[in-house]
Structure formats: structure tokens, C-alpha cells
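The values are calculated or read from the model by the stated rules, or taken from the named source; none is laboratory data. Since this is a predicted model, take the numbers as computed values, not measurements. Here Cβ is always computed from backbone atoms with ideal geometry, including for glycine, and neighbour counts include all displayed protein chains. Please note that ligands, DNA and RNA were not included when accessible areas were found on the heavy atoms of the full protein model with its side chains. Shrake-Rupley method; radii C 1.70, N 1.55, O 1.52, S 1.80 Å.
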Amino acid sequence: MAAKNWEATLQEIRRGADEILIEAELIERLKTGRPLRIKAGFDPTAPDLHLGHTVLINKLKVLQDMGHHIIFLIGDFTGMIGDPTGKSTTRPPLTREQVIENAKTYQRQIFRILDESKTEIVFNSEWMEQMNAADIIGLAGRYTVARMLERDDFAKRYSTGQPIAIHEFLYPLIQGYDSVHLKADLELGGTDQKFNLLVGRELQKQYGLAPQVVMTMPILEGLDGVQKMSKSLGNYIGIEEPPVEQFGKIMSISDDLMWRYFELLSFRPLEDIVRLKREAAEGRNPRDIKFELGVELVSRFHGEEAAIAARDAFIQRFQKNQLPDDMPEFEFERAEIFLPHALKQAGMVASTSEAFRHIKAQAVKVNGDKILDRNHVLHVGEHVVQIGKRRIAKIIVKGA
């Protein structure tokens, strides 16, 4: 990477990032023109990766394409401790066998995005298992309990009398020591990992190294648009799911959430996304824009041919719904309308509470897309709204 290009690449590096600490240090390193050692760690706590994980992996891909050295760390050692981040109780550790099996699937899945020939895969057991008890005690002596209790989840548990096991304090220390061992210039993590990433900076200073820059990435909301994407919550899109299932799930997200997915998951230039937003505001059907998002994301994991076939299959299913030509129409002269209010004012439900119940039961569709978000909003344009198979209407939002 040539030093003279650092200004041109900084904007792309910032894209979608929540915070960069400290950006001035990142700029100085970019100016040198040398490839940066960029680390991201994943504990193999579940066998499948989903689109929420790819927010961070996509950023690694962008940095890799800029010529930087990507270190994908599989936390097989830390995975057996259990990351306490965001947990209100002590997390049960995984067995060695579970961790190893999950790690195998991670290696296979990440290369659907990253270039295998340019990615260094490391396991933190490689160096942690070489440390003896005295080494671990020495590492623990580099951080105080008071500093650990500055961490939000530890502080909450301590203040409410919830137990904190001693081994949980070791987790951020070991994650930080990984950065020492790997001499990381930059570490990426979710916003919930900020404390752990900053521990890495502090430990590097103590070991006489230049402290790593920390970049936090947003947590992606799941299909419900409310809670973070999680397999346990059932609101996820797995990167190894079949193309048709992936495409259908993408089409089920709300129009508002679509823009969040464009920002965090798409590789399109920012000016393209601005253009698409303008087209939607001018009346283009958001469903058609969502088609473009679906094709891009499914292509990433299954190839363009499979993505187009999935799109065509979705359209065919939608057209087979046999929508009546004489459905009632309702117009609203405003920029947007809350879907439950639109259903009530169109006489499709007796109350917004009834609308909420139908949405919760997954019985409401807008333009063929199942609505899972009770806060879904209809924007300017024509929308075919269905409740079950019998209640159907065209709702036209004309603009203020």
C-alpha cells in the first residue's frame, strides 16, 4: 500500500465503523505505507456464522484488499473460558471437543469472504498453552480489580450481588495478551468488545510495544429489527443457508432496516446507496431496491447465478399469490405511516393492538414480504398489504 493513498482509503476504512481509537495514530501508520497487522478474534462458541458476524469480516476484507495483513484469530483457548461480555451470569465453558469442531467450520466459512491465500489463521491456544501458572499469575498482575470493575457488565453484576468468577477476569487479559503476542497494529471488534480491545492497548504499552489502534463495529440487528442478530433468537441469516432461504429472509426485513443492512453489509460505493435512497424517496418501490441487496449478499456466499435464481424464485412465488384486481385502495397524504395505524385506518383491523397480534403471529405481509417488526413503517409508494389470505388492500402513501 503506497503511503500517498492513505487519505483516499481513510474514508472507506471509516465507513460503517462506530469508533476508531485513536484515529490520529491510525493515520500516522497509514502514512508509512507499510501493510498493517490487523487482528480480529472470534471465539468458536457456535458452529455457524451469520450476517451479524460478517459486519466485522467485511471490514477485514476491505482492509485486505487495501494490502494489509489480516490475522483471523480463532479463540480456541478463550472459548473454553467463555466471554463474559454482556452476560448477567457466569457463562458455562465449552469443552475442548466443542471448540475444535466449531473452529473447523469457522475456517471454512470465513473464506467465502476473505482471500484464503492472504489470510493468516491463528489459534490462541498456540501460545497460551505454553504459559505456565507463574506466567498466568504475572499476566494477572498487570491489571487491577478496580480497572476490571470499570467494565459495565462486571460493574452491574457486582452492584447487584451477582457472582463474578475469578476466571472471567482472565478473559479480557488473555484477549489483550493475544495482541501483544501478535504485535497487532489494529484490532477490530464489536461495540460490546470495546473494553477488551482497550485492554490490549494497555498491555502492549506495558510490554514495550506501540499500542494498537482499536476499531469498533456496530452490532447488526436481526430480522426483527430490534435485537441483535443471533441464532438463539431465531432472527438470523446464516452464511451457509441455501440461496433461496437467504434471499427470502433478506426480503422479510423492514424497509428501514434495509438501509442499515446496505450500510453495514454492502460493498457498494456510498454514492450508490445515496442514489438508492433518493430513488426510494421519489417513489421507487423499496421491494425492488431490496432485490438488489438480496442479489448482492446471496452472490457473496453462493455466486451470482444462484442469487439471481433465488430472486426469480421469490418473484414467482409472489406472483402466484393471485392478488385480486379490484382490491380496495386507501391513500395517505404523508411522508410515511406506521403500519399498524395504516391497517386500522384501512379497516383491516379493529385496533392497533390487533395489528400487533397479527404481526407477532407473522400473518402480515407488505408487497409479499412477511413483516416481523411491529414498528414497521410504510414510506412513499404503493403497498399491497395482506393479513392472512383474505384481508388484502392497496395502501398508497402519497407524501406530505
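Worth a mention:
- Of the residues screened, Phe77 is one that is modelled with pLDDT under 90, among the aromatic types (Phe, Trp, Tyr) and in contact with a Ser or Thr (Cβ under 6 Å, 6 or more places away or on another chain).
- Candidate set from the stretch 212-227 (those that are β-branched (Val, Ile, Thr) and assigned to a loop (DSSP other than H, G, I, E, B)); member that is farthest from Arg14 (Cα to Cα): Val226
- Number of positions in the stretch 91-134 that are over 23 Å from the mean Cα position of the chain (by Cα), exposed (fewer than 12 other Cβ atoms within 10 Å of the Cβ) and touching a residue at least 12 places away in the same chain (Cβ under 8 Å): 2
- For Met148: the one exception among (1) modelled with pLDDT under 85; (2) loosely packed, with under 15 Cβ neighbours inside 10 Å: (2)
- Exactly one residue among Ile22, Ile27 is over 17 Å from Leu270 (Cβ atoms), at pLDDT 90 or above and open to solvent by 50 Å² or more (accessible area, probe 1.4 Å), and that residue is Ile22.
- First in the stretch 283-310 and under 13 Å from Asn367 (Cα atoms), second anywhere and open to solvent by 40 Å² or more (accessible area, probe 1.4 Å) and not β-branched (Val, Ile, Thr), Cβ under 8 Å, 6 or more apart: Asn285/Glu382; Pro286/His379; Ile289/Glu279; Phe291/Arg311
- Within the stretch 272-311, the set of residues being small (Gly, Ala, Ser) and either surrounded by 15 or more Cβ atoms within 10 Å (Cβ to Cβ) or closer than 17 Å to Asp255 by Cα (or both) comprises Ala280, Ala281, Gly283, Gly294, Ser299, Ala306, Ala307, Ala309, Ala310.
- Residue in the stretch 163-175 that is open to solvent by 50 Å² or more (accessible area, probe 1.4 Å), in contact (Cβ under 8 Å) with a residue 60 or more places away in the chain and over 25 Å from Glu101 (Cβ atoms) present: yes
- Residue that is nearest to the chain's Cα centre (by Cα) [pool: residues in the stretch 183-195 that are modelled with pLDDT of 95 or more and surrounded by 19 or more Cβ atoms within 10 Å (Cβ to Cβ)]: Leu188
- Looking only at the stretch 196-254, and only at residues there that are in contact with a Pro (Cβ under 6 Å, 6 or more places away or on another chain) and open to solvent by less than 10 Å² (accessible area, probe 1.4 Å), the one that is farthest from Arg151 (Cα to Cα): Gln204
- Check on Gly41, small (Gly, Ala, Ser), at pLDDT 85 or above and part of a strand (DSSP E or B): yes
- Number of residues in the stretch 258-281 that are over 19 Å from Ile237 (Cβ atoms) and touching a residue at least 60 places away in the same chain (Cβ under 8 Å) equals 3.
- Qualifying positions in the stretch 166-206 - within 15 Å of Asp18 (Cβ to Cβ) and aromatic (Phe, Trp, Tyr): Phe195
- Of the residues making up the stretch 337-390, those that are in a helix (DSSP H, G or I) and over 30 Å from the mean Cα position of the chain (by Cα) are His341, Ala342, Leu343, Lys344, Gln345, Thr352, Ser353, Glu354.
- Taken as a whole, the condition of being surrounded by 13 or more Cβ atoms within 10 Å (Cβ to Cβ), within 29 Å of the chain's Cα centre (by Cα) and of a type in the set (Asp, Glu) applies to Asp153.
- In the set (1) farther than 29 Å from Gln130 by Cα; (2) at pLDDT 90 or above; (3) in a helix (DSSP H, G or I), Arg34 fails one condition alone, (3).
- Selection count, the stretch 4-33, where residues are touching an Asp or Glu at 6+ places or on another chain (Cβ under 7 Å) and at positive phi: 1
- Residue list for the stretch 30-52, filter: open to solvent by 50 Å² or more (accessible area, probe 1.4 Å) and within 16 Å of the chain's Cα centre (by Cα): Asp48
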